[in-house]
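Take a look at the structure set out below.
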Amino acid sequence: MNSSPIFKIANGIGLVLLFIIFAVPFVWMASTAFKSLGETMTFPPVWIPETLQWQNFVEAWNSGPFLKYFVNSVVVTLLILILQFATIIPAAYAFARYEFPLKNFFFALTMICLMIPSQLIFLPVYLNLSSWGILDTIWGLILPFATSAFGIFLLRQSFMQVPEELLEAARLDDASEWQIIRKIMLPLAKPVLITLALFSFIAHWNDYFWPLVMTTTDQARTLPLGIAMLRQVEGGAAWNVVMAGNLLLVLPILVIFFFAQKHIIRAFVYTGVK
Amino acid sequence: MAFAKVQLDMEEKKAERQGFLSWVKLRPYAMIFPAIFIFCLFFIYPIGYMIYLSFHDWNFVSPVKDFVGTSNFSYLLSDRDFREVISNSFIYTFFTVFLTISLSLLLALWLNRGGTVYSFMQASIFSPHIISLVSVSMLWMWIMDADYGLLNWFLNLIGMESVMWLTSPEYALTSLILVAVWKGIGFNTLVFIAGLQSIPKDLYEAAELDHTPPWRRFLKITVPMLSPTLFFLTIIGVINSFQVFETINLMTAGGPINSTNTFVYYIYQYGFQFFKIGYASAAGVILLVILSVLTVVYFKVLSKRVHYR
Amino acid sequence: MAEIRLDNISKTFNGDQVVKNISLTIKDGSFTVLVGPSGCGKSTILRMLAGFEQQTEGDIWIDGKRVNDLAPSKRDIAMVFQNYALYPTMTVKGNIEFGLANRKVPKKERNLLIAEIAEIVGLSDHLDKKPDKLSGGQRQRVALARAMVKKPKVFILDEPLSNLDAKLRTQMRTELIQLHEKLGTTFVYVTHDQVEAMSMGDEIIILNKGVVQQKAAPIDVYQSPGNLFAAEFIGQPPMNVFKKEEFHELQDALPEAAAYIGFRPEHAGLALESAHVPHTIELESEILTLETLGAETVYKVKNRVGTMNIRSFTAPVSKRGKCFATIPMEKLYAFGADQTALPALDFPFQKEAALNGVR
């Protein structure tokens with residue numbers, strides 16, 4: 001590589017510009033969240049508000065049943081996570097370790113579901129949920145995601161890499177299949193399990209589309225919906241309140257990202273490469 | 001012989017045959033059942049139901065669903081709005097994927113270095129990927145605000161006219177593409193970097209011994225070795241871009257004048273605002289066909305590639 | 001302690017018969033080695049014995065009990081795997097304890113057993129380490145300890161030394177022999193390495209293409225190989241074998257049935273000068289290569305009969321060139337057209353010698 005001073009300076013400027021493109025929007029969000037309404041309507045814009053308007057957060061939080069949204073978000077995300085693990089682990093183990101008639105058929109079915117995005121089938125699912133009477137409940141947000149084709153696929157890969165002798169040794173050691181899964185397979189698949197948990201958490205914590213379609217009242221709405229509705233509450237102009245709410249939604253994810261940065265990136269990229 | 005076989009270990013075998021063995025046979029099915037059940041209920045059956053509905057006329061509340069043959073499809077194909085939706089979807093997809101891929105390839109070549117600065121930069125450009133689309137949309141609506149937005153302030157700063165980013169038909173789709181590129185570029189860059197790092201170093205060393213100039217090394221080693229990654233990211237990008245919904249719903253609502261209406265948003269509108277379930281389902285079937293073709297192409301090429309190696 | 005009996009065992013994989021109607025008895029308390037080239041069926045036999053594979057035909061008896069339909073864990077066997085198959089996420093103690101805990105052995109008793117076994121295999125200081133922190137030899141010992149702690153009737157060892165370096169392998173060989181003596185349990189040991197087979201087993205079963213070639217004590221296999229395969233498989237370098245016709249000077253002395261003639265490399269000699277020793281075949285030869293191994297030298301020589309290996313402990317010739325190879329007639333082995341060994345050759349001079357009381 002070229003290491004002349006001019007190159008170094010150009011490289012440095014480039015890096016700074018790149019950083020600005022990706023960091024400034026977040027800085028702008030944070031700055032706006034503390035502004036007064038008047039300060040959002042100045043041109044050229046102010047970067048540092050005169051006084052930190054903490055009440056923006058209070059206003060955002062009080063503009064709707066945010067506690068309800070928050071609780072819904074937590075419950076939905078956690079239940080999806082638990083149910084996914086409960087269904088993924090046995091299925092992945094069966095696909096990885098047993099031979100049984102129609103196995104390939106069922107696995108093909110799983111792979112087809114891996115390819116079907118929720119954006120494609122929301123309408124018929126909506127109609128079904130409606131006829132089952134669980135529309136506009138948190139179950140409508142949870143049950144369709146109670147398992148994950150992607151998770152089965154990834155965990156099966158990991159289970160298949162465990163050498164056969166290890167299982168044979170365990171069988172000689174009088175271990176039941178459940179003990180083999182719990183004591184040998186799962187500890188070995190820990191990185192994949194963490195990846196799946198991160199994935200699932202981030203995807204469903206952030207999800208806007210599905211709750212938007214499947215809920216009609218506040219009883220089942222989640223945080224992203226609440227934030228999106230902030231804009232409409234004030235007629236679209238109170239950007240300081242909107243950004244305050246936005247910051248509340250983004251902050252948990254950014255904090256997790258800050259601490260588990262390496263792990264999250266590896267998880268996303270690894271599954272991207274695979 | 002047969003007699004001896006029956007005679008020995010009777011009790012133990014009996015126990016195994018009746019209880020254990022049949023459970024052994026059933027066990028795999030029991031283990032996959034919950035997952036398969038959910039798949040059938042929420043993926044397979046809805047697809048079938050959608051195809052069924054696409055041949056019917058239904059308004060959601062009426063107790064009867066009238067069979068109308070393919071008239072939903074012919075309506076869609078003659079509908080000017082829908083043709084616009086298709087063209088919008090293709091334009092959006094093409095530019096989003098093209099810009100994201102080419103920019104992130106350049107970024108990957110640039111940022112693929114060790115050290116704190118570079119790993120910090122990698123993390124920074126990746127961060128939008130894990131942020132909710134709601135936050136991204138809100139943030140960019142504010143940044144692209146015609147009167148007080150940051151972007152117009154910046155344009156004025158470098159001596160350019162303000163732009164009506166989201167409120168003019170000429171710029172709205174472009175604005176959405178910009179946001180998609182901003183959000184997706186980090187993920188693509190990091191996958192490219194992973195791809196670059198998986199290229200064996202000795203290939204470059206061998207080329208260097210042969211006095212191969214750098215640009216030839218790039219063309220003859222980097223590009224071919226990176227082509228599986230490139231292909232993967234392109235297909236994933238195309239599939240995802242075809243389903244864009246959130247930014248459209250939040251930032252433009254398909255407007256102005258239908259200029260940012262795309263597939264999923266169109267289905268959403270027809271289903272939930274106009275209550276034309278038949279049309280919406282037919283549009284869904286068309287999207288299903290497009291996505292299926294893309295998926296099949298992906299796997300075809302993938303298996304060929306595996307074959308080459 | 002248990003005797004193992006295989007009754008007409010066959011195993012077919014996808015129409016390919018890898019074990020062909022084998023019947024044999026492994027004596028109680030013996031150290032029996034199954035040896036053969038890769039693909040000979042030895043691992044399949046082992047896996048059927050352990051219960052990981054179901055034989056296509058035949059019965060397996062362990063300690064007088066037919067185990068055909070018994071799950072591996074019910075057969076009262078323990079196994080040491082080729083790559084040890086230690087549970088990577090458990091400590092050494094956890095590895096040894098796992099089987100005991102699954103059998104609901106009380107905690108107190110477990111700890112006693114583990115301490116005792118760890119002492120025997122010398123792992124007492126490493127009980128809290130994970131396998132990836134151990135050396136190859138230590139992992140081997142953990143695998144042994146894990147097998148021993150269950151006090152099985154039969155020990156099955158699947159090429160347990162193949163992942164160790166040469167020095168450690170020799171050491172572990174001795175330790176395994178001592179362990180077998182101490183425990184007195186039946187050991188079934190699978191290897192492709194004939195040195196291991198010869199040095200460790202008190203009985204060797206040579207397998208090839210799913211068929212038992214010979215079953216005998218190591219020294220018997222060496223001194224009177226049952227067929228051509230056994231003769232060429234055991235011994236390093238292998239026995240030199242030629243068509244009978246190549247030795248035209250012997251034609252009259254050889255039995256009619258003989259088709260092949262063989263001799264072991266160490267029985268032949270090498271000299272620079274012709275000596276005309278009686279009852280010895282002398283061949284004018286050219287040395288192609290010589291490997292000096294320290295105590296011994298292995299020559300590869302070419303002569304009118306063909307190319308042969310000669311192994312010598314005295315290094316009579318120190319460089320390549322012309323020389324004379326000598327083969328004592330009494331050391332020749334004869335094999336029939338079907339490759340089975342013929343009875344020991346008796347030449348007239350041997351009878352004379354016997355009569356004269358020279359020997």
- Note on the structure: The number of residues in the range B:33-70 that are surrounded by 15 or more Cβ atoms within 10 Å (Cβ to Cβ) and of a type in the set (Gly, Ala, Ser) is 2
- Hey, does the range A:213-223 have a residue that's under 26 Å from B:Asn240 (Cβ atoms) and either among the basic types (Lys, Arg) or surrounded by fewer than 22 Cβ atoms within 10 Å (Cβ to Cβ) (or both)? yes
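How many residues are open to solvent by less than 40 Å² (accessible area, probe 1.4 Å), assigned to a helix (DSSP H, G or I) and within 7 Å of chain B (Cβ to nearest Cβ) when one looks only at the range A:107-119?
4
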- Query: So how many residues does the range A:190-236 have that are within 13 Å of chain B (Cβ to nearest Cβ), charged (D, E, K, R) and either assigned to a helix (DSSP H, G or I) or over 21 Å from A:Leu135 (Cα atoms) (or both)?
  - Reply: 2
- Task: Restricting attention to the range C:254-270, report how many residues are under 27 Å from the mean Cα position of the chain (by Cα), within 15 Å of C:Thr340 (Cβ to Cβ) and open to solvent by 20 Å² or more (accessible area, probe 1.4 Å).
- Result: 2
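Out of B:Tyr298, B:Tyr266, which single residue is at pLDDT 85 or above, part of a helix (DSSP H, G or I) and either closer than 24 Å to A:Asp207 by Cβ or within 12 Å of chain A (Cβ to nearest Cβ) (or both)? Write out each step before concluding.
Values: B:Tyr298 fails: at pLDDT 85 or above.
From the options B:Tyr298, B:Tyr266, the qualifying one is B:Tyr266.
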- Query: Taking B:Thr234, is it of a type outside the set (Phe, Trp, Tyr), more than 26 Å from A:Leu127 (Cβ to Cβ) and open to solvent by less than 10 Å² (accessible area, probe 1.4 Å)?
  - Reply: no
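Mind telling me which of the residues C:Thr297, C:Thr314 ends up being open to solvent by less than 70 Å² (accessible area, probe 1.4 Å), β-branched (Val, Ile, Thr) and more than 30 Å from C:Val212 (Cβ to Cβ)? Even if it seems obvious, please write down each step before you answer.
Values: C:Thr314 fails: open to solvent by less than 70 Å² (accessible area, probe 1.4 Å).
Answer to the check: C:Thr297.
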- Query: Within the range C:133-142, can one find any residue that is outside any helix (DSSP H, G or I), away from every other protein chain (no Cβ under 13 Å), among the charged types (D, E, K, R) and without any contact (Cβ under 8 Å) to a residue 12 or more places away in the chain?
  - Reply: no
- Note on the structure: Flagged in the range A:39-73 as open to solvent by 50 Å² or more (accessible area, probe 1.4 Å), of a type in the set (A, V, I, L, M) and assigned to a helix (DSSP H, G or I), in numbering order, are A:Val58, A:Leu67, A:Val71
- Determine if the range C:83-99 includes at least one residue that is out of contact with any Pro (no Cβ under 8 Å at 6 or more places or on another chain) and charged (D, E, K, R). yes
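Is there a residue in the range C:164-178 that is in contact with a strand residue (DSSP E or B) (Cβ under 8 Å, 6 or more places away or on another chain) and not in a loop (DSSP other than H, G, I, E, B)? Talk me through it step by step, then tell me what you get.
So the first thing to find is which residues in the range C:164-178 are in contact with a strand residue (DSSP E or B) (Cβ under 8 Å, 6 or more places away or on another chain), and the list is C:176-177.
Remaining after also requiring not in a loop (DSSP other than H, G, I, E, B): C:176-177.
Scanning the range C:164-178 turns up at least one residue that is in contact with a strand residue (DSSP E or B) (Cβ under 8 Å, 6 or more places away or on another chain) and not in a loop (DSSP other than H, G, I, E, B).
So, C:Gln214, is that one under 28 Å from the mean Cα position of the chain (by Cα), closer than 29 Å to C:Val317 by Cβ and either of a type in the set (S, T, N, Q) or in a loop (DSSP other than H, G, I, E, B) (or both) or not?
Details: under 28 Å from the mean Cα position of the chain (by Cα): yes; closer than 29 Å to C:Val317 by Cβ: no; either of a type in the set (S, T, N, Q) or in a loop (DSSP other than H, G, I, E, B) (or both): yes.
Spelling it out, it is not the case that C:Gln214 is under 28 Å from the mean Cα position of the chain (by Cα), closer than 29 Å to C:Val317 by Cβ and either of a type in the set (S, T, N, Q) or in a loop (DSSP other than H, G, I, E, B) (or both).
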- Subset of the range B:194-219, residues more than 27 Å from A:Lys262 (Cα to Cα) and within 30 Å of the chain's Cα centre (by Cα), comes to B:Phe218, B:Leu219
- Message: Looking only at the range C:7-38, how many residues end up being under 19 Å from the mean Cα position of the chain (by Cα), open to solvent by less than 20 Å² (accessible area, probe 1.4 Å) and within 16 Å of C:Val212 (Cβ to Cβ)?
- Response: 10
- Item | Failed item, numbered, when B:Val293 is tested on (1) within 13 Å of chain A (Cβ to nearest Cβ); (2) surrounded by 18 or more Cβ atoms within 10 Å (Cβ to Cβ) | (2)
- Could you grab me the full set of residues in the range C:179-204 that are among the hydrophobic types (A, V, I, L, M, F, W, C) and closer than 17 Å to C:Val154 by Cα? C:Leu179, C:Leu183, C:Phe187, C:Val188, C:Val190, C:Met200, C:Ile204
- Task: Name the residue, out of A:Pro44, A:Pro5, that is over 33 Å from the mean Cα position of the chain (by Cα), more than 19 Å from B:Ile125 (Cα to Cα) and either within 11 Å of chain B (Cβ to nearest Cβ) or hydroxyl-bearing (Ser, Thr, Tyr) (or both).
- Result: A:Pro44
- Of all strands (runs of 3 or more DSSP E) completely enclosed by the range C:6-91, which ones contain at least 1 residues that are within 10 Å of chain A (Cβ to nearest Cβ) and either among the basic types (Lys, Arg) or within 21 Å of C:Lys150 (Cα to Cα) (or both)? C:77-80
- From the residues in the range B:230-254 that are touching a helix residue (DSSP H, G or I) at 6+ places or on another chain (Cβ under 7 Å) and assigned to a loop (DSSP other than H, G, I, E, B), which one is nearest to the other protein chains (Cβ to nearest Cβ)? B:Gln243
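Based on this model, can you work out whether C:Thr56 counts as open to solvent by less than 50 Å² (accessible area, probe 1.4 Å) and out of contact with any Pro (no Cβ under 7 Å at 6 or more places or on another chain)? Steps first, answer last, please.
On the way: open to solvent by less than 50 Å² (accessible area, probe 1.4 Å): no; out of contact with any Pro (no Cβ under 7 Å at 6 or more places or on another chain): yes.
Criteria not met by C:Thr56.
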- Message: Among the residues that make up the range C:326-334, is at least one of them open to solvent by less than 30 Å² (accessible area, probe 1.4 Å), at pLDDT 85 or above and assigned to a loop (DSSP other than H, G, I, E, B)?
- Response: yes
- Enumeration of residues in the range A:149-182 that are away from chain C (no Cβ under 14 Å) and open to solvent by 20 Å² or more (accessible area, probe 1.4 Å): A:Phe150, A:Phe153, A:Arg156, A:Gln157, A:Met160
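The values are calculated or read from the model by the stated rules, or taken from the named source; none is laboratory data. Treat the numbers as computed from the prediction; the structure is a model and nothing was measured. Don't worry about glycine lacking a Cβ; one is built from the backbone with ideal geometry, like all the others, and counts go over all protein chains shown. Areas reflect the complete protein model, heavy atoms only, side chains present, ligands, DNA and RNA absent. Shrake-Rupley method; radii C 1.70, N 1.55, O 1.52, S 1.80 Å.
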